[in-house]
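Contents: one structure, followed by commentary.
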Number of protein chains: 2
Amino acid sequence: MIKEITTKELNTGSFIEEKVKEISDTVGTGIAINALSGGVDSSTVTMLGHKALGNRLRTVFIQNGLMRENEPEKVAGFFREFGIHVEIIDAKDEFLSALKGITDPEKKREAITETFYSKVFGRIVKESGARFLLQGTILTDIDETVAGIKRQHNVFAQLGIDPQEAFGYQIIEPLIQLRKDGVRMIGKALGLPSEMFDRIPFPGPALAARIIGEVTGERLETARKATMVVEKMLKNSGAFQYMAILHQDRVTGIRDKKRDFGQQIEIRCWDSVDARTASPTNLPFETLKNLAAAIISEVPGIVSVTYNIASKPPSTIEAV
Amino acid sequence: MIKEITTKELNTGSFIEEKVKEISDTVGTGIAINALSGGVDSSTVTMLGHKALGNRLRTVFIQNGLMRENEPEKVAGFFREFGIHVEIIDAKDEFLSALKGITDPEKKREAITETFYSKVFGRIVKESGARFLLQGTILTDIDETVAGIKRQHNVFAQLGIDPQEAFGYQIIEPLIQLRKDGVRMIGKALGLPSEMFDRIPFPGPALAARIIGEVTGERLETARKATMVVEKMLKNSGAFQYMAILHQDRVTGIRDKKRDFGQQIEIRCWDSVDARTASPTNLPFETLKNLAAAIISEVPGIVSVTYNIASKPPSTIEAV
């Protein structure tokens, strides 16, 4: 049982000091590696790790092809400001071919996890000689895994799988007692720019988790374009998280007076503090109509747009 | 080219007089038959037909099993008030077995049309000896068919199929120059009770058009229950039409702390005058959240609810 540190209890200064010491003590004179996704959790871990280890922490960003537009370059740019070098690894083809033909969401998640760990990151770790892996696991990830909800690629230890044996390295998880709001406080205290640590959460499997049905290059392009529209238009909404989900179901549409049997995008926009519970944001109806119109005009193949009105639970934040 | 009569031009008294005379002149001393669906169009035609022919018009209501709860009994009850007998024909099994295994929306529509005309209604017509078929086709049906949108089961004539040859009867379509708003004026003038002619439109293929994917007994039950909730809660919304659509896509949910990979209902609620164009109704956000909560608690298997925010065009009013 991991002891939660609530935001009330959290003293950012001493938390950072303590974690930096822990990382430093654990790694000793060795080298560590971490995979940065650009989310708040892995960004905060990257900052903590470099504070503790300097250049003895190697930070890689794996371009899996499932990301938002220009994601790797944007993230690497943020860290360049801190003198931290982020290595971008292009693994697009490996992920796409692992996902080919898979429609079951669990199998999709497994294919991504498997490709990430066993193939791409596993290879990099082995080649690097690093024995220590820094990970941004937070308490919410563990809650959900234990409850059997979604597989999180970063909780092998909690599932009883020995990461030492499984992948040949030791996992260090400095954020494990925090929830999202606590991590944001730490990120802010570490000097992460607000545009970085206030970025809305983006799931591990990224756009693949926003696509119901098979993930192909073309469908990724559709989900990516819709995501750009939603993120641009809801940037100042103050919401906890917002996303575009590409459905597999086809719906009837009409274009140029002709039948157009097209695709549907579902928009979800959440109010939440820590992602444990969430409710749909009461966006102005004009905003919703403008969002639908923008997606329909800018994303080829979309004839219908919906807005999620269910809460978590029983819904989850992501659809897949 | 059929000449439209707009509501501005429409004189209900002389329109009714003229159509009653036309029906009377066409049928002569013969007998006619019509299929009543309970929608505004077929109800208005039933009134016109009985005004012209009295008991020489036989009105049947085909229970296809794709209807709202108690639909046939409710409709027959309305007409009993006018001394008009509506014969209810139970054909549930024939429709369900025709729909078995079909997921393509066009094929579903064809199976329903085929079962309705060739099998059930065709048989009734032949057995009745009637040579004249009254139909509630309106101008909007023809527009959409000509543009190739949705097949309407009631526009064989406009598609160049000779109904005389095809089914052995002649079609009389007294409402063909009107749109929905005009039909409502006529219905009102004929004395149809407001709860009848103000009923929200319900499509020919009924709940089958509200189910994406295969139509089974169980999925019909799900769509029927969700429809009941939506119709009850939006009865006083003043909207043109509202509906619940059962999706085939599965989404992740959580119930009793366990993963519940469930189904999604999409709610559509439209503002429109004549169904040619339509926009989503600006319902209060509280209403939307209450709708979602009610559907999730009352309809087994549903973990997620969305609200349509796209307009027609490019969306259509129905999803399938």
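So here's what we get for this one:
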read-out: B:Gly217 being within 13 Å of chain A (Cβ to nearest Cβ) and more than 21 Å from A:Val251 (Cβ to Cβ); value: no
read-out: The one condition in (1) farther than 18 Å from B:Ser279 by Cβ; (2) modelled with pLDDT of 95 or more; (3) at the interface with another protein chain (Cβ under 7 Å from one of its Cβ atoms) that A:Ile245 fails to fulfil; value: (3)
read-out: Condition broken by A:Thr252, with the remaining ones in (1) among the hydroxyl-bearing types (Ser, Thr, Tyr); (2) open to solvent by 20 Å² or more (accessible area, probe 1.4 Å); (3) at the interface with chain B (Cβ under 7 Å from one of its Cβ atoms) satisfied; value: (2)
read-out: Every pair of residues 6+ apart whose Cβ atoms lie under 7 Å, when the first sits in the stretch A:180-195 and is under 17 Å from A:Lys51 (Cα atoms) while the second is open to solvent by 50 Å² or more (accessible area, probe 1.4 Å); value: A:Met185/A:Thr7
read-out: In the stretch B:1-35, residue nearest to the chain's Cα centre (by Cα) [restricted to those that are under 14 Å from B:Gly54 (Cα atoms) and of a type in the set (Gly, Ala, Ser)]; value: B:Ala32
read-out: The stretch A:256-280: number of residues that are polar (S, T, N, Q) and facing another protein chain (nearest Cβ under 9 Å); value: 2
read-out: A:Thr227 being of a type in the set (Ser, Thr, Tyr), more than 8 Å from chain B (Cβ to nearest Cβ), under 28 Å from A:Lys108 (Cβ atoms) and crowded, with 22+ Cβ neighbours inside 10 Å; value: yes
read-out: The stretch B:45-90 - residue that is on the phi > 0 side of the Ramachandran plot and open to solvent by less than 80 Å² (accessible area, probe 1.4 Å) and, of those, nearest to the chain's Cα centre (by Cα); value: B:Gly65
read-out: Filter result for A:Asp93 (open to solvent by 40 Å² or more (accessible area, probe 1.4 Å) and within 14 Å of chain B (Cβ to nearest Cβ)); value: no
read-out: Looking only at the stretch B:255-281, and only at residues there that are open to solvent by 40 Å² or more (accessible area, probe 1.4 Å) and farther than 22 Å from A:Asp249 by Cβ, the one that is modelled with the highest pLDDT; value: B:Asp271
read-out: Verdict on A:Thr140 being in contact with a helix residue (DSSP H, G or I) (Cβ under 7 Å, 6 or more places away or on another chain), over 26 Å from A:Leu220 (Cβ atoms) and in a helix (DSSP H, G or I); value: yes
read-out: Pairs, first under 14 Å from B:Pro280 (Cβ atoms) and within 7 Å of another protein chain (Cβ to nearest Cβ) in the stretch A:295-311, second in a helix (DSSP H, G or I) and of a type in the set (D, E, K, R), C-beta under 7 Å, six or more apart; value: A:Ile309/B:Lys289
read-out: Selection from the stretch A:282-292 of residues that are within 9 Å of chain B (Cβ to nearest Cβ) and surrounded by 16 or more Cβ atoms within 10 Å (Cβ to Cβ); value: A:Leu283, A:Phe285, A:Leu288, A:Lys289, A:Leu291, A:Ala292
read-out: Which listed residue, of A:Ser24, A:Ser42, is at pLDDT 95 or above and open to solvent by less than 70 Å² (accessible area, probe 1.4 Å); value: A:Ser24
read-out: Residue check, B:Gly213 surrounded by fewer than 22 Cβ atoms within 10 Å (Cβ to Cβ) and farther than 21 Å from A:Lys312 by Cα; value: yes
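The values are calculated or read from the model by the stated rules, or taken from the named source; none is laboratory data. Keep in mind the model is a prediction, meaning the values are calculated, not measured. So basically every Cβ, Gly included, is an ideal-geometry build from the backbone, and we count neighbours across all protein chains shown. Quick note on the areas: whole protein, heavy atoms, side chains included, nothing else; ligands and nucleic acids left out. Shrake-Rupley method; radii C 1.70, N 1.55, O 1.52, S 1.80 Å.
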